[in-house]
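Trainee: Before we start, here is the structure in question, set down as structure tokens.
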Amino acid sequence: MRLKNKVAVVTGAASGFGKSIAALYAAEGAKVIVDDINAEGGKLVAEEIRKAGGSAQFVLADVATDAGWTALVASTKQHYGRVDIVVNNAGWTHRNKPFMDVTEAEFDHVYATNVKSIYLSARHVLPVFRAQGGGCFVNIASTAGVRPRPGLTVYNSSKGAVILLSKSMAAEFGPDQVRVNCVNPVFCPETGLSTEFAGGPLTPELVGKFRATVPLGRLSTPQDIANAALFLASEEAAFVSGVCLEVDGARCC
């Protein structure tokens, strides 16, 4: 098992990428904290992991707030005694629309969820990692931060911030034996935000337009992203830090 006895916190784990990452980490031996603001969905994910023979606990915490991270770290240490891996997966977007139509409240929500949450994760978890002699952050960014699509300018820029945050954190935290990497998924119809990205219902025609921009001829799946997040958290990536792994079928080439 590639994550045997590791303790992993996965934010936004009630559905989509987070759900698949949590399930795969548990299958690979990790003890998983399933975090989400969706209590019903998060509890179900943790229960499914336990039924499959894994170890998981649900924690209700809003990672866009300092209080949320205080509770999340305290609950993780209470359940499992330590923290080895943090997957910053929780995210949000405004609906696909012109930049000038994005409200200030929407801007603030996107940046709080996508960017401030990562800042807060470091504020709360880095001292734990330092005390333990190391740790690992895996941040879920997006191809939108590298090759942006129109109508998502604020979201795109937030993911660009995640990418640069990850690289800079890696450089600064390296002496503490803390690795920081990120994953850039391309559009995935199976996530809860997909209709917002698309600006409307995912008709076959609309999905086809997204698919046509990917050289490998398909869109990403939650399992694709989970596989990448597993590698970056594993000992196989022990000397990999500051990397942004595009899981995009060559979309960003």
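Please treat every number below as a calculation from the coordinates, not as lab data. Here the structure is a predicted model, which means the values were calculated and not measured. For neighbour counting, all protein chains shown are included, and Cβ atoms are generated from backbone atoms with ideal geometry for every residue, glycine included.
Trainee: How high is the relative contact order of the range 7-247? Use alpha-carbon pairs under 8 Å, at least six apart in sequence, and give a whole percent. Show your work: numbers first, answer last.
Mentor: Working: 477 pairs, mean separation 49.2, N = 241.
Relative contact order for the range 7-247 comes out at 20 percent.
Trainee: How big is the gap, in Å, between the Cα center of the range 93-144 and the Cα center of the range 1-41?
Mentor: Here the answer is 18 Å between Cα centres.
Trainee: So, one more: Where in the range 221-236 is the amide nitrogen less than 19 Å from a point lying 7 Å along the Cα-to-Cβ axis of N96?
Mentor: From the range 221-236, the list is 221-222.
Trainee: How long is the gain from A52 to A105 if the chain were fully straight, where each residue apart is worth 0.36 nm and the alpha carbon distance is subtracted?
Mentor: Here the answer is 15.0 nm.
Trainee: Going 7 Å from the Cα of R82 in the Cα-to-Cβ direction, what parts of the range 106-137 have a backbone nitrogen less than 13 Å from that spot?
Mentor: Output list for this probe position: 128-136.
Trainee: How compact is the range 1-71 by the rule of thumb for globular proteins, expressed as Cα Rg over 2.2 N^0.38 Å?
Mentor: It is 1.01.
Trainee: Rank by packing, highest mean first: peptides 99-110, 81-92, with packing defined as the count of other Cβ atoms within 10 Å averaged across residues. Can you show the working numbers first?
Mentor: Details: 99-110: 13.1, 81-92: 23.5.
Most protected by this proxy first, the peptides run 81-92, 99-110.
Trainee: Take S168, project a point 7 Å from its Cα along the Cβ direction, then tell me which residues of the range 110-144 have their backbone nitrogen under 15 Å from it.
Mentor: Correct set: 115-123.
Trainee: How much length is gained if the chain between R149 and L60 is pulled fully straight, taking 0.36 nm per residue apart and subtracting their Cα-Cα distance, in nm to one decimal? Don't skip to the answer; put the middle values down first.
Mentor: On the way: separation 89, 0.36 × 89 = 32.04 nm, distance 3.26 nm.
So the extension gain works out to 28.8 nm.
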